[in-house]
Every structure is written in structure tokens, then in C-alpha cells.
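**Student:** The structure is given below, and queries will be raised subsequently.
The values are calculated or read from the model by the stated rules, or taken from the named source; none is laboratory data. These numbers were taken from a predicted model, which means no experiment stands behind them. Here Cβ is always computed from backbone atoms with ideal geometry, including for glycine, and neighbour counts include all displayed protein chains. Side chains are part of the model used for accessible areas, which takes the heavy atoms of the whole protein and leaves out ligands, DNA and RNA. Shrake-Rupley method; radii C 1.70, N 1.55, O 1.52, S 1.80 Å.
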Amino acid sequence: MNTRDSEIMLQLLEQNGYLLSNDLASAEAVIVNTCSIRGKAEQKAYSFIGSLRRLKEDNPDLIIAVAGCVAQQEGQKMKVRMPHVDIILGPQSIYQLPDLFQQVANERKGIISTTQSKDFTIPSFLPSLKHGLPHKRFVTIMQGCNNYCTYCIVPYTRGQEVSRRRSDILAEVRHLVASGVREITLLGQNVNSYGNDQPQEERTSFPELLRQVAAVPGLVRLRFTTSNPKDLSPALMACFQDLDNLCHHFHLPVQSGSNAVLRAMNRRYTVEEYMAQVAGLRQACPDISLTTDIIVGFPGETAADFQATMDLMEKVRYDSAFSFKYSSRPPAKSCDFEDTVSDEEKVERLAIFQNRQREITGERYQEFVGRTLEVMIEGMSKMGNGQWSGRSSHNLIVNFHSPASYSPGDLEHVTITEGCLNSLRAELNKEKVKND
Ligand code: 5AD
Ligand code: SF4
């Protein structure tokens, strides 16, 4: 979500005559896009913003803007703590950035733009393809979240759910595909709620939207993120049976394997319901790759609760997982819960979880050995060993040698020979197999 916001800000400024600089010391303006999902991210943002003070002292004309969730949340407080910042803007204000730059240049006074409106609409916007990999793009379909998981700051920083108009989304996808993009990821904090905020007569459900996007001629791969398991409908599962270009990957954050913790988190599903969703997805698409998010050390999490999370991971066998130590994020509700798990215990539980997940990932990779997969090329491997690198439909990184020359977005069929730590190794497949 933040990456997409950064792209939008960059494009808006370029349209207004600014040029992207790779050199912080000589830049005329600096924009820091921040994330506040966990305490660590916020501390990192503050320490970087603090380090810009020297630059401002050397060049008083430098414009410093801070965007994103930390800016939204801190507003005036940030201005007091970091007086060298000129513009503080929340996620709903990014579209005004060129105007805010102009205002600061003209009036030479600080601006705070953090208003959040229920009537906010995401402007229609045709993205440029000037930066980044040319073959894949994110398309925002909605902003904000109404779920209020008790640990989460997002509903406070990004506001209530606002869906983009379906016609704008389709126009953006068509424009991207016509410009050479082959893979699209639809983005939202909770994509299954897409359309719920729209008037009944104009409402499109997420599965319907997915079908319409998938039907855009020339779109080779379609992905989406993120889904709350409580809203995963049979209609969405059916999309995996029907849509050839829908990738075989589902990110389904579980957060905990204990019903008591899930209740305290206000996730509104049980472990049993979650497992039924996993079974439904695997029935619809036996080849589906599942990934998840886990929080360890939520207030009140006992050793038995943590063990329940470990048991769940053994049952699901995720291809990979993002795992975090619980972090208290005011004004999220869990800040009022007694933090019963010491930091040592959190560190220990995180290590236990991550070590086991690493093993399961390795075992899952082994299961791919011998299979022929279709890989979408991204470029040469970062390992610098002359290998090409691409991604499978499951979103796994696959590296292989080939005498051919590829452009990003090209497809190649390869046979998996080995599972490495974070990727698969493969060799060229002579018989090209379709649709693996
Ligand atoms: N502490 C730790 N992890 C968190 N996440 C969200 N809020 C917190 C928090 N307060 C994690 C969740 C979510 C992911 C994006 O970040 O696992 O799915
Ligand atoms: Fe946060 Fe829960 Fe919304 Fe995800 S669904 S953004 S964890 S409140």
C-alpha cells in the first residue's frame, strides 16, 4: 500500500516538473513515506526524519515532506518534535502533494494536511510506467479498514473503508495492460469488503470485480492482497476454479492459532472456521500456495495458546509466513490489555515459530522438485551468477540458467531441480508444458 502511495506521489510531482534524484544531499525536496503498523517502523521513521535536520540547516530552501501513517497519526505532535519538517500529510492527502509543495514555496510556512473524510473518493488516476519493473503493477481498489482488530492501528491511520469506482479500476487496468503490463495485483487492506461502502444499485462484489479484471484482454497474471479469513466467500474460492490467469497464491493472515487469542484480537473467526476456509481453497485449487501473518506475544497469550499457533502451522503447512512480535499501538484497543508476555518470551516464541517455518518452507520447496512451472521473468538473478530470475504463479522466486535473452514479463517453462533458502533452482524445460 505504501509502495503504491510512493509511486503516486512521484508521478504527481513528475507531472509538475520535478525530477527524481538519487542523491539526498543535493535534492531540493525530500519526501519520507512512513509506516506505523509496528512500533519499530515508527521509530525508524522518526530517526530518519531527525537525521534530515542537518540537510535543512545546510540548505534552508530544502522542502521536507512526511507522508503516510506516522504523519497521519502524529500531525501537530510531529511538527513540534521535528520543526524542520515543512509538510505533514496523511494517506488521503497524497493527491494534493504538488499543491502543498507550491504553497510551501510561496508562503514559506509549514502545512499539516491530515484530514480524514468519510466522503473521500480515490481520484481516477492513470499511472505512469516510468519507474520500476515494467511488467507488473499494483492497482489500489480500496483504502482503509473497518475491522478494528484490537492490535491494529490501520483503521485509525488510514480511516474507514473507501472503495474505488469499478470503472476507474477497470480503466486503470486496461491502461496498464495496453502499456505492456502483464501482471496486476489488486490492493486493499481487506479486499473482500470491496463495494460494501457503495450504494446498493452500484455495488460490485470483490469476486465480481476479480472476474471483470481477469477478463481484460492481455492480462497474463492477476493477484490480490489482503483478505480477512472471516470474509472469504465461496464465490471468491470459485474464482480459482474458473479464472485461468488468477495466480495460485493466497495470503490468508491467521494471526494466532488459539481461539481465546483470536477472540481477544477481535478477528471474528475461530481456528475451526479458518481451517474450513483453508480446506475450501485447497479443494478449489489443490495447487494453491498459502502464506500468512502471525503475531506472537499478544496480551494474555499463554504457552498453550502459542502451542496452538504452532499446531495450526503444522496442519496448514504455509509456503511462507510473516511473523511479528506483538507491538502496542495506541489508540488500538489492545493497548489497554495487560501485556502479560515478557519481551524475552516474545523473542523466544518468535524464534521458535520462525525456525519451524523455515523448515516447513524447505520441505514445501522439496515438493516442487521435478515439477515443470511457468515462470514470469523479472530479470537477471540478484545473486550475480548469470542466472535468470522469475516468479511462478505461486509467487515463488525461481532461478535458472538459459542461453536465451528475456525481457521482464516474458514466460518460460522450467523444471525445478532444487529448493534453496528463499528460492527454487530450475533448469530449462525443453518440452514446453502449458498452464502448470
Ligand atoms: N503488533 C504486531 N504485529 C502487527 N501487525 C499489525 N499490527 C500489529 C501489532 N500491533 C501485523 C499483522 C498484520 C501485518 C500486516 O502486521 O500480522 O497482518
Ligand atoms: Fe488491521 Fe484487522 Fe484491518 Fe487488517 S483487517 S488492516 S489487521 S484492522
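**Student:** Treat every Asp and Glu Cβ in the range 300-394 as -1 and every Lys and Arg Cβ as +1, leave all other atoms uncharged, and give the resulting dipole magnitude about the Cα centre to the nearest 20 debye.
**Tutor:** Dipole of the range 300-394, to the nearest 20 debye: 500 debye.
**Student:** Provide Rg and Dmax in Å for the chain, with only Cα atoms included in the calculation.
**Tutor:** 22.7, 66
**Student:** Note down the magnitude of the dipole of the chain about its Cα centre, charges +1 on Lys and Arg C-beta and -1 on Asp and Glu C-beta and zero elsewhere, to the nearest 20 debye.
**Tutor:** 300
**Student:** Past 22 Å, Cα to Cα, is the threshold; run Lys44/Lys325; Lys136/Lys325; Lys230/Lys333 against it and keep the listed order.
**Tutor:** Correct reply: Lys136/Lys325.
**Student:** Also, quick follow-up: Could you please state, rounded to a whole Å, how far the C-alpha centre of the range 351-383 is from the C-alpha centre of the range 279-319?
**Tutor:** A separation of 18 Å, based on Cα centres.
**Student:** Follow-up question, since we're still on this one. Can you give me the Cα centroid spacing of the range 15-44 and the range 50-112 in angstrom?
**Tutor:** Computed from Cα coordinates, the inter-centre distance equals 11 Å.
**Student:** Quick check: residue separation of Asp23 and Asn2 times 0.36 nm, minus the Cα distance between them. What number comes out in nm?
**Tutor:** So the extension gain works out to 5.4 nm.
**Student:** Compute the accessible area per residue over the chain, keeping the other protein chains in place, probe 1.4 Å, unit Å².
**Tutor:** Per residue, the chain has an accessible area of 45 Å².
**Student:** Could you run the Karplus curve 6.51 cos²θ - 1.76 cosθ + 1.60 with θ = phi - 60° over the range 365-370 and give me ³J(HN,Hα) per residue in whole Hz, x for Gly and Pro?
**Tutor:** Using θ = phi - 60°, the values come out as 4, 4, 5, 7, 4, x Hz.
**Student:** Please give the FRET efficiency for Arg358 paired with Ala105, using the beta carbon to beta carbon distance and R0 = 45 Å, rounded to the nearest 0.05.
**Tutor:** Working from the Cβ atoms, E equals 0.35.
**Student:** Please state the charge dipole magnitude for the range 1-135, taken about the Cα centre, from unit charges on C-beta atoms (+1 on K and R, -1 on D and E), reported in debye and rounded to the nearest 20.
**Tutor:** Computed about the Cα centre, the dipole is about 520 debye.
**Student:** Additional query: Please report, as a whole percent, how much of the solvent-accessible surface of the chain comes from carbon and sulfur atoms (probe radius 1.4 Å).
**Tutor:** Its accessible area is 51 percent carbon and sulfur atoms.
**Student:** For the chain, with the dipole built from +1 on Lys and Arg beta-carbon atoms and -1 on Asp and Glu ones, taken about the Cα centre, which of Thr417, Ile288, Ser167 lies farthest toward the positive end?
**Tutor:** Farthest towards the positive end: Ser167.
**Student:** Please list, in order, the residues from the range 106-127 whose amide nitrogen is less than 13 Å from a point placed 7 Å along the Cα→Cβ vector of Arg165.
**Tutor:** 121-126, by backbone N distance to the label point.
**Student:** Can you list the residues, at least 5 places off or on another chain, whose amide H is less than 5 Å from the amide H of Val139, using H built in the peptide plane?
**Tutor:** Thr185, Leu186, Leu187
**Student:** Once amide H atoms are built 1.01 Å from N in the peptide plane, which residues 5 or more positions from Val66, or in another chain, come under 5 Å H to H?
**Tutor:** The list, which skips near neighbours in sequence, is Val32, Ile87, Ile88, Leu89.
**Student:** Taking only DSSP H segments of four or more residues, each worth -39500 (n - 2.57), what value at 222 nm results for the chain once the sum is divided by all its residues, to the nearest 500 deg cm²/dmol?
**Tutor:** -10500 deg cm²/dmol
**Student:** Probe radius 1.4 Å, ligands and nucleic acids left out: which of Glu28, Glu14 has the largest accessible area, and how do the rest follow?
**Tutor:** So, going from the largest accessible area down, we get Glu28, Glu14.
**Student:** Compute the length gained on full extension between Lys315 and Thr302: take 0.36 nm times their separation in residues and subtract their Cα-Cα distance, giving the result in nm to one decimal.
**Tutor:** Between Lys315 and Thr302, full extension yields an extra 2.7 nm.
**Student:** For Ser179 and Asn16, calculate 0.36 nm times their separation in residues minus their Cα-Cα distance, and state this gained length in nm to one decimal.
**Tutor:** Taking Ser179 through Asn16 to full extension adds about 56.5 nm, to one decimal.
**Student:** Which one, Gly75, Pro134, Ala235, is farthest towards the positive end of the dipole of the chain when Lys and Arg carry +1 and Asp and Glu -1 on their Cβ?
**Tutor:** Working it through, the farthest residue towards the positive pole turns out to be Gly75.
**Student:** If you don't mind, another one. Compute the separation of the alpha-carbon centres of the range 135-203 and the range 225-239 and state it in Å as a whole number.
**Tutor:** Measuring centre to centre over Cα atoms gives 14 Å.
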